[in-house]
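The values are calculated or read from the model by the stated rules, or taken from the named source; none is laboratory data. What you see is a predicted model, and the numbers here were worked out from it, not measured in a lab. Here the Cβ positions follow ideal geometry from the backbone for every residue, glycine too, while neighbour counts run over all protein chains shown. For the accessible areas, the whole protein counts, side chains as well, though only heavy atoms, and no ligand, DNA or RNA atoms are used. Shrake-Rupley method; radii C 1.70, N 1.55, O 1.52, S 1.80 Å.
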Amino acid sequence: MADTATNGRWRDLDKLLLRPGNLVGPNFEPSPELRDDLQTYARVLVVGAGGLGCELLKDLALSGFRNLEVIDMDRIEVSNLNRQFLFRLQDVGKPKAEVAAQRVMERVSGVNIVPHFCRIEDKDLEFYSDFNIIALGLDSIEARSYINAVACSFLEYDSDDNPMEETMKPMVDGGTEGFKGHARVILPGVTPCFECTIWLFPPQVKFPLCTLAETPRTAAHCIEYAHLIKWGEVHVGKSFDEDDPEHMQWVYSEAVKRAELFGILGVTYSFTQGVVKNIIPAIASTNALISAACALEALKIATGCSKTMSNYLTYNGLEGLHTKVTEFVRDKDCLVCGPGVLIELDTSTTLQKFIDLLGEHPKVRMPKASVAHRGENLYMQAPPILEEMTRSNLQVSLYNLMGKLARDVVHVTGAAAVNGKTASSLRKLRIVFRGATNDGVADMDTAGGA
Amino acid sequence: MLKMSQYLNDGTVGIMIKLFKVKEKQREIAENANGKAPVKKQSAGELRLHKDICELNLPKTTTINFPNGKDDLMNFEVTIRPDEGYYLGGTFVFTFHVPTIYPHEAPKVKCKTKLYHPNIDLEGNVCLNILREDWKPVLNINTVIYGLHHLFTQPNHEDPLNSDAAAVLRDNPKMFEANVRRAMAGGYVGQTYFSRCV
Ligand SMILES: [Zn+2]
């Protein structure tokens, strides 16, 4: 391995991995073995093969990562070509993930990239459990929120409510909008997860429907009229698909007609796409900067060659240049990444008894709880129609209702006594059944754990 | 449980590659074992909705229904039977679709019953400020249902989605009332046919 060509190729990486320093992570031991281990054992999933995803794949491959996978459900469009630099004109119509993987493998020898042309929801938890680091190059809150929930679902806490590092699935998340961008490091249980800080994302601008219908004043109003009102009038029973170019073309031409009627300028096809999909035009240089920051953080997480950024970098290149790292704090009661309240039960405890117990429990004090487990509503106190549908569960043991898992998370809602006052609350509980062991039943909280 | 390194108080982690190495070994072993079934997860939005639904305090004119059963709270129907005003005696069904990032975004609400109303168009789009421009994460499903209820007691001509109905309400409330009666009984108002909903 140690021929001169190889040495030359990894010269820059070796400067980070072979030398000690005062900014290195804890327990960092510089050695050539580190690079070999990085290439052999670190498995990184890149989510998204668009503007950021292309950059991330290239950057990670050039930083010494060799086991990469990429997931994206989109096909290449002409309008992507200005910044999604792995794609060529003849690639239009092909899956982004496949072309991106191919191109990077052609250019960077030794790297292996497995593409997945599908939705992120199509993969099961086992798929995600296989990766050591997840790098996100996404443009939607929904997708981030989904991956965040998946990654945090692997996290386990010990009996002192400390996160167990071996169950931690680190994420690096990049995002850009025009000349602005962010890069963040999410170490579930240590730094805030996406849900802890969802307020960082401004809600989408929504115009009043009556303005769209009666008094349009801007190009965006005309586009939203065609998208939200006219589409339904003409295509009864057929829902609009923003990923269908024919649908988009139809909205565009209706928006043009409407704009002409009201003497409004500025409706173009790409602006129509932007408004409908809520996309702000991407700038290649912003993607490159943000991706570089993310790839570096991935390298730091894996090798410890430097302390990771703590924990949220913002970049603004709009007027001059401004960048800043902010240390956001975790929401200790976060329903997604928080520890919740640990409760030990016998396998024979009925749901009714469990609910009674929550009223007494000093850390919960919720006398009339409704209980949910992994999307299943075990008992609902209200409304009456749901109460009736779930009432028969009350006499069943919680252990059975939870699929005979030795330990898992449930969520409870109801009025609870907090500091002497009664307030409605929603809590996460970690249930452990005394004497029960998992017998190969699906259990996301121990998947990948030791 | 192994403890290769410890995360630090300053929110950074130490070298993780050793953990990756151990995991890779485990993965090779696990690959020989049977695959595990995918497991349904609950999004933060679903959990918040769960809370909203448990806390519903509906007006007596309103009922709620879950067509997909007890485990799909993201899609439901609300039926309103106004007990006063122009729409007294009618039955109006609204469909709710709640997005996964609720309450960051508002529920999507449509009226399934075709009706003659200044703020609801013939396709069921509803002009209610809290469903769009004035939505805030502190609002909840109960607020939206009360908002819908309000549209029946206080239809207003200033935010028209059905501009014909709005003009009639503004210029001739008596005629508006007659039109509403005719539509609810099943019949034509102008060129538009309405099915009976009383
Ligand atoms: Zn969190």
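Can you name the residue in the range B:94-148 that is open to solvent by 30 Å² or more (accessible area, probe 1.4 Å) and closer than 26 Å to B:VAL189 by Cα and, of all such residues, is nearest to the other protein chains (Cβ to nearest Cβ)?
Only one residue tops the list, namely B:GLU123.
Considering only residues that are in contact with a strand residue (DSSP E or B) (Cβ under 6 Å, 6 or more places away or on another chain), charged (D, E, K, R) and more than 27 Å from A:PHE179 (Cβ to Cβ), which ones fall in the range A:76-105?
Selection gives A:GLU98 alone.
Counting only residues that are of a type in the set (Val, Ile, Thr) and more than 16 Å from the ligand (Cβ to nearest atom), which one in the range A:100-150 is nearest to B:GLU46 (Cα to Cα)?
Residue satisfying both the conditions and the ranking: A:ILE120.
Against the condition in contact (Cβ under 8 Å) with a residue 40 or more places away in the chain, within 14 Å of chain B (Cβ to nearest Cβ) and surrounded by fewer than 18 Cβ atoms within 10 Å (Cβ to Cβ), how does A:ASN82 come out, does it pass?
Criteria not met by A:ASN82.
Would you mind finding the one in A:LEU318, A:LEU265, A:LEU313, A:LEU299 that is out of contact with any His (no Cβ under 9 Å at 6 or more places or on another chain) and not in a loop (DSSP other than H, G, I, E, B)?
A:LEU299
Those residues that are of a type in the set (Ser, Thr, Tyr) and either within 15 Å of the ligand (Cβ to nearest atom) or in contact with a helix residue (DSSP H, G or I) (Cβ under 8 Å, 6 or more places away or on another chain) (or both), I need them from the range A:151-166; list them, please.
A:SER153, A:TYR157
Just name the residue that is surrounded by the most Cβ atoms within 10 Å (Cβ to Cβ) out of those in the range A:31-64 that are more than 14 Å from every other protein chain (Cβ to nearest Cβ) and not in a helix (DSSP H, G or I).
A:VAL46
Count, please, the residues in the range B:126-155 that happen to be in contact with a helix residue (DSSP H, G or I) (Cβ under 8 Å, 6 or more places away or on another chain) and closer than 24 Å to B:ASN172 by Cα.
Within the range B:126-155, residues that are in contact with a helix residue (DSSP H, G or I) (Cβ under 8 Å, 6 or more places away or on another chain) and closer than 24 Å to B:ASN172 by Cα number 4.
Looking at A:VAL78, is it of a type in the set (Val, Ile, Thr) and within 19 Å of A:CYS294 (Cβ to Cβ)? Please lay out each step first, then the result.
Values: of a type in the set (Val, Ile, Thr): yes; within 19 Å of A:CYS294 (Cβ to Cβ): no.
No, not satisfied.
For the range A:1-14, enumerate the residues that are open to solvent by less than 100 Å² (accessible area, probe 1.4 Å), under 36 Å from the mean Cα position of the chain (by Cα) and at pLDDT 80 or above. Give the derivation first.
Applying the first criterion (open to solvent by less than 100 Å² (accessible area, probe 1.4 Å)) to the range A:1-14 yields A:2-3, A:5-10, A:12-14.
Still in the running and under 36 Å from the mean Cα position of the chain (by Cα): A:6, A:9-10, A:12-14.
The answer is A:ARG9, A:TRP10, A:ASP12, A:LEU13, A:ASP14.
Take A:LYS94 and decide whether it is of a type in the set (Lys, Arg) and within 26 Å of B:HIS104 (Cα to Cα).
In short, no.
Hey, any hits in the range A:175-190 for a residue that's over 21 Å from A:LEU289 (Cβ atoms) and away from the ligand (no atom under 15 Å from the Cβ)? I'd like the intermediate steps shown before the answer.
Quick first cut of the range A:175-190, residues over 21 Å from A:LEU289 (Cβ atoms) only: A:187-190.
Remaining after also requiring away from the ligand (no atom under 15 Å from the Cβ): none.
No, every residue in the range A:175-190 fails to be over 21 Å from A:LEU289 (Cβ atoms) and away from the ligand (no atom under 15 Å from the Cβ).
Only one residue in A:LEU405, A:LEU342, A:LEU357 is over 28 Å from the mean Cα position of the chain (by Cα) and farther than 28 Å from B:ILE64 by Cα, so which one is that?
Sole residue among the options that is over 28 Å from the mean Cα position of the chain (by Cα) and farther than 28 Å from B:ILE64 by Cα: A:LEU357.
Can you name every one of the strands (runs of 3 or more DSSP E) wholly within the range B:43-120 that holds 2 or more residues which are among the β-branched types (Val, Ile, Thr)?
B:62-65, B:75-80, B:92-97
Quick one: B:LYS51 ticks every box in (1) free of Cβ contacts under 8 Å to residues at least 24 places away in the same chain; (2) more than 12 Å from every other protein chain (Cβ to nearest Cβ) bar one, so which box is it?
(2)
Looking for whichever is part of a strand (DSSP E or B) and open to solvent by 20 Å² or more (accessible area, probe 1.4 Å) here; the options are A:PRO115, A:PRO26. Which one fits? Don't jump to the end; show me each part of the working.
Values: A:PRO26 fails: part of a strand (DSSP E or B).
After applying the criteria, what remains is A:PRO115.
Is it the case that some residue within the range A:355-367 is assigned to a loop (DSSP other than H, G, I, E, B), open to solvent by 20 Å² or more (accessible area, probe 1.4 Å) and in contact with a Phe, Trp or Tyr (Cβ under 7 Å, 6 or more places away or on another chain)?
Taking every residue of the range A:355-367 in turn, none turns out to be assigned to a loop (DSSP other than H, G, I, E, B), open to solvent by 20 Å² or more (accessible area, probe 1.4 Å) and in contact with a Phe, Trp or Tyr (Cβ under 7 Å, 6 or more places away or on another chain).
Of (1) under 22 Å from A:LYS123 (Cα atoms); (2) open to solvent by 10 Å² or more (accessible area, probe 1.4 Å); (3) away from chain B (no Cβ under 11 Å), A:ALA149 satisfies all except one. Which?
(3)
Search the range B:174-190 for residues that are farther than 14 Å from B:ILE120 by Cβ and pair each with any residue that is open to solvent by 50 Å² or more (accessible area, probe 1.4 Å) and among the charged types (D, E, K, R) when their beta-carbon atoms are under 8 Å apart and the residues are at least 6 apart or on different chains.
B:ALA185/B:ARG196; B:GLY186/B:ARG196; B:TYR188/B:ARG182; B:GLY190/B:ASP164
Within the range A:184-211, count every residue that is among the hydrophobic types (A, V, I, L, M, F, W, C) and open to solvent by less than 20 Å² (accessible area, probe 1.4 Å). Reasoning before the result, please.
Of the range A:184-211, the ones among the hydrophobic types (A, V, I, L, M, F, W, C) are A:185-187, A:190, A:193-194, A:196, A:198-201, A:205, A:207, A:209-210.
Still in the list and also open to solvent by less than 20 Å² (accessible area, probe 1.4 Å): A:185-187, A:193-194, A:196, A:209-210.
Of the residues in that region, 8 qualify.
Here are the criteria: (1) within 21 Å of B:ASN162 (Cα to Cα); (2) away from chain B (no Cβ under 12 Å); (3) in contact with an Asp or Glu (Cβ under 9 Å, 6 or more places away or on another chain); (4) not in a loop (DSSP other than H, G, I, E, B). Tell me which single one A:MET248 does not satisfy.
Result: A:MET248 fails condition (1) only.
Any residue in the range A:191-202 that is polar (S, T, N, Q) sitting within a Cβ distance under 7 Å of a residue that is more than 8 Å from the ligand (Cβ to nearest atom)? List the pairs, counting only those 6 or more apart or interchain.
Taking only residues 6 or more apart or on different chains, the pairs are A:THR191/A:VAL185; A:THR191/A:SER310; A:THR191/A:ASN311; A:THR191/B:GLY11; A:THR197/A:PHE328.
Within the range A:370-413, how many residues turn out to be assigned to a strand (DSSP E or B), open to solvent by 10 Å² or more (accessible area, probe 1.4 Å) and facing another protein chain (nearest Cβ under 7 Å)?
2
Is it true that some residue in the range A:319-332 is surrounded by fewer than 16 Cβ atoms within 10 Å (Cβ to Cβ) and among the hydroxyl-bearing types (Ser, Thr, Tyr)?
Yes, some residue in the range A:319-332 is surrounded by fewer than 16 Cβ atoms within 10 Å (Cβ to Cβ) and among the hydroxyl-bearing types (Ser, Thr, Tyr).
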